[in-house]
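K.L.:
Supplied in structure tokens, the structure appears directly below.
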Amino acid sequence: MRSGAKAWVYVETATAEDFRVRQLLDAQANAVALFDEVVARKLIAAGESERAISDRIRDLANEMFGTTRHWHKRIVRSGPNTLLPYDDNTPDRILRHDDIAFADFGPIFADFEADLGRTYVLGDDPAKHRLAADLPRIFEAGRRHFADHPAITGADLHAEIDALARAAGWQLGGTGFAGHLVGEFPHEVMDADKIQSYIAPGNTTPMRGTDRAGRVCHWILEIHLVDPAGEFGGFYEQLLDLG
């Protein structure tokens with residue numbers, strides 16, 4: 001009886017975690033589909049304001065998925081606004097024909113959070129196109145580093161992302177971290193006010209672990225690169241440890 005009880009608990013726990021993983025991956029797949037449709041409908045275009053584009057993406061999420069909730073503020077930034085960290089509330093700006101712009105949305109699907117960031121280049125500026133191409137490349141390099149180091153801490157991964165950015169000729173922007181925990185809405189219940197919830201220099205806790213509720217920790221990796229001359233930046237984020 002005792003060994004059977006242990007087996008029953010294990011199956012139940014595994015099933016619950018499998019469900020969480022599926023929900024997180026489904027939420028991200030929906031967010032990717034949303035951003036693909038943003039491109040297909042050419043919503044990010046010169047002559048449009050950041051706020052208007054953000055509202056159209058919000059409305060598109062509702063149209064496609066019935067999604068009306070977002071766990072963080074919706075962000076569309078262009079030109080010099082792409083240099084600024086998440087916490088800044090930038091003035092609304094009209095996109096120009098040679099701009100770089102990024103979108104950062106956190107739609108909620110079936111009570112699970114997605115968090116996706118993508119960068120778009122309007123025009124032919126080679127430096128902006130290089131930055132846009134480097135963003136997913138550095139993301140994948142960071143993901144491989146995470147996979148290759150089972151005991152990696154948030155501080156370790158942040159240092160690696162910083163080194164990758166500098167090697168490519170960019171600097172890290174943002175608020176001093178390169179990602180965070182993600183899960184059921186709201187993920188703030190998982191110690192979001194503590195450094196252990198972030199991919200940041202001060203987080204010396206191994207990233208592979210469980211939260212206070214005993215759930216497996218899953219992570220978003222976000223890459224905010226800026227031009228050393230301070231003219232423009234770009235942004236890319238999605239799930240780190242899943243997918």
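The values are calculated or read from the model by the stated rules, or taken from the named source; none is laboratory data. Owing to the predicted nature of the structure, the values given are computational and were not obtained by experimental measurement. Note that we place each Cβ from the backbone using ideal geometry, even for glycine, and neighbour counts take in every protein chain shown. All accessible areas refer to the heavy atoms of the entire protein, side chains included, with ligands and DNA or RNA removed. Shrake-Rupley method; radii C 1.70, N 1.55, O 1.52, S 1.80 Å.
K.L.:
Exactly one condition in (1) touching a strand residue (DSSP E or B) at 6+ places or on another chain (Cβ under 8 Å); (2) more than 26 Å from Ala178 (Cα to Cα) is false for Leu116; which is it?
P.N.:
Leu116 satisfies every listed condition except (2).
K.L.:
Among the residues of the range 102-160, what is the count of those that are among the basic types (Lys, Arg) and under 17 Å from Val38 (Cα atoms)?
P.N.:
1
K.L.:
For the range 31-135, which fully contained strands (runs of 3 or more DSSP E) count at least 1 residues that are small (Gly, Ala, Ser) and over 19 Å from Gly230 (Cβ atoms)?
P.N.:
The strands (runs of 3 or more DSSP E) meeting that bar are 100-105, 116-121.
Condition check ((1) part of a loop (DSSP other than H, G, I, E, B); (2) closer than 25 Å to Ile75 by Cβ; (3) open to solvent by 60 Å² or more (accessible area, probe 1.4 Å)) across all residues:
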site: Ala200; (1), (2), (3): yes, yes, no
site: Arg208; (1), (2), (3): yes, no, yes
site: Ile220; (1), (2), (3): no, yes, no
site: Phe235; (1), (2), (3): no, yes, no
site: Leu242; (1), (2), (3): yes, yes, no
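K.L.:
Here's something else I'd like to know. Just a yes or no: is a residue in the range 60-78 acidic (Asp, Glu) and surrounded by 14 or more Cβ atoms within 10 Å (Cβ to Cβ)?
P.N.:
no
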